[in-house]
Amino acid sequence: MADTVPSSGIELPAEEPEVRCFEVTPEFAGRRLDQFLVTHLDGISRSRIQLLLDQGGIVVDGKQAKASHKLHGTESIVVTGEAQPPPLRALAEEIPLDIVFEDEDLAVINKPAGMMVHAGAGDTDDARNRGTLVNALLHHFQSLSTTAGELRPGIVHRLDKETSGLIIVAKNDRTHQALSEMFSSRSLSKTYLALVHGDLKQDFGTINAPVSRDVVRRTRMTTRRSDAGRTAISHYKVLRRLNTRFGRFTLVSVRIETGRTHQIRVHMASIGHPVVGDKLYGAPAVIPLATASTLRRKRLPDISAGSVSLDRNFLHAAELEFAHPRTGKTVALQSPLPADLTAFLARIESTM
């Protein structure tokens, strides 16, 4: 899950830039500023630190400083936000698209798992700017909205790379603006199908927990920070409970009111039920089959006896409903579970 792309002229809730503060102690006296920050900012390279310095995002004792600044061991350093490299310009590529709805204003695409929606602004590797949904859109459609910039033409909202399903594309800026307003006012309905580990206690539930960036593992989001986070609300409904020899699972539909990065994944993990295949949030890479022997003796299952695995998250954007921005008519679309998820579900159900 991910955030809505802001539309020009619309005030959408913006995530406050993260602020990190460091008090330099005497043991770091004589150390270069960039060397100090590389060891204190997890996963951030020296080149990114230099860029953030150039952009005024790092101050030492209230003043801008150079990367080569030698520390005295008594400074206060404040780091605000993250470096923003100039975006790449997306290029057209002939890539097949599953178009489930299209008119002169918009299109709805059934995105496959494994396809990025667009390259990131910091992706300087040209290969990262290939094979994305945007590359395919530029080839298939004569015009797309320009609101989100040259790297993200037509993109109003996002899906994670390993999440499949329905995504809306705007063909002009007026439609983009109207769709952005729908996302902002939560008048557009998005429902996902997910298979999670374990047996959910309730048939229905709402997870209302702010989502923010994990300060230790920067590729993850978290609900555990009390000092930050954007409102995130997910409503789930149990569709099927599976008690199998691979373990207990629950198939759920999840309707989201907000569209935060990794929202469903981090929300389900936060209540102890990670999405199957989602190793980033605690799901096992391999799910072993429990044999009669291991069940009788209550031992851990033996992987050599048989196992299943899923090389993506069991998460699919299955339903989309909204009022057409121009006509006002309801557009209600569905996308069935793709073949890989259907096959995985059938495999574990066969052991019930």
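For the stretch 202-219, indicate whether the set of residues that are more than 30 Å from residue 348 (Cα to Cα), surrounded by 15 or more Cβ atoms within 10 Å (Cβ to Cβ) and of a type in the set (Gly, Ala, Ser) is non-empty. There is at least one residue in the stretch 202-219 that is more than 30 Å from residue 348 (Cα to Cα), surrounded by 15 or more Cβ atoms within 10 Å (Cβ to Cβ) and of a type in the set (Gly, Ala, Ser).
Is it the case that the stretch 111-118 has a residue that's free of Cβ contacts under 8 Å to residues at least 24 places away in the same chain, in a strand (DSSP E or B) and charged (D, E, K, R)? Checked against the condition, which is being free of Cβ contacts under 8 Å to residues at least 24 places away in the same chain, in a strand (DSSP E or B) and charged (D, E, K, R), the stretch 111-118 yields no hits at all. When residue 206 is tested against the conditions (1) touching a His at 6+ places or on another chain (Cβ under 7 Å); (2) on the phi > 0 side of the Ramachandran plot, the lone failure is (2).
Please give the strands (runs of 3 or more DSSP E) falling wholly within the stretch 153-257 in which 3 or more residues are more than 23 Å from residue 134 (Cα to Cα). Ranges flagged: 189-197, 204-208, 233-244, 247-256. Scanning the stretch 154-165 for residues that are touching a His at 6+ places or on another chain (Cβ under 9 Å) and surrounded by 24 or more Cβ atoms within 10 Å (Cβ to Cβ) yields a count of 6.
Can you tell me which residues in the stretch 218-233 are among the aliphatic types (A, V, I, L, M) and in contact (Cβ under 8 Å) with a residue 40 or more places away in the chain?
As a first pass, look at the stretch 218-233 and keep what is among the aliphatic types (A, V, I, L, M): 221, 228, 232-233.
Within the stretch 218-233, 221, 228 meet the criteria.
Restricted to the stretch 1-34, and to residues there that are small (Gly, Ala, Ser) and at pLDDT 90 or above, the residue that is surrounded by the most Cβ atoms within 10 Å (Cβ to Cβ) is 29.
When the residues of the stretch 35-76 are filtered to those that are among the acidic types (Asp, Glu) and more than 20 Å from residue 215 (Cβ to Cβ), the one that is surrounded by the most Cβ atoms within 10 Å (Cβ to Cβ) is 75. Within the stretch 256-268, residues that are surrounded by fewer than 24 Cβ atoms within 10 Å (Cβ to Cβ) have Cβ atoms under 7 Å from residues that are at pLDDT 95 or above and among the basic types (Lys, Arg) in these pairs: 256/190, counting only partners at least 6 apart in sequence or on another chain. On the basis of being at pLDDT 90 or above and in contact with a Phe, Trp or Tyr (Cβ under 6 Å, 6 or more places away or on another chain), does residue 310 make the cut? Taking the combined requirement at face value, the residue satisfies it.
The values are calculated or read from the model by the stated rules, or taken from the named source; none is laboratory data. Since this is a predicted model, take the numbers as computed values, not measurements. Reconstructed Cβ throughout: ideal geometry from the backbone, glycine too, with neighbour counts over all protein chains shown.
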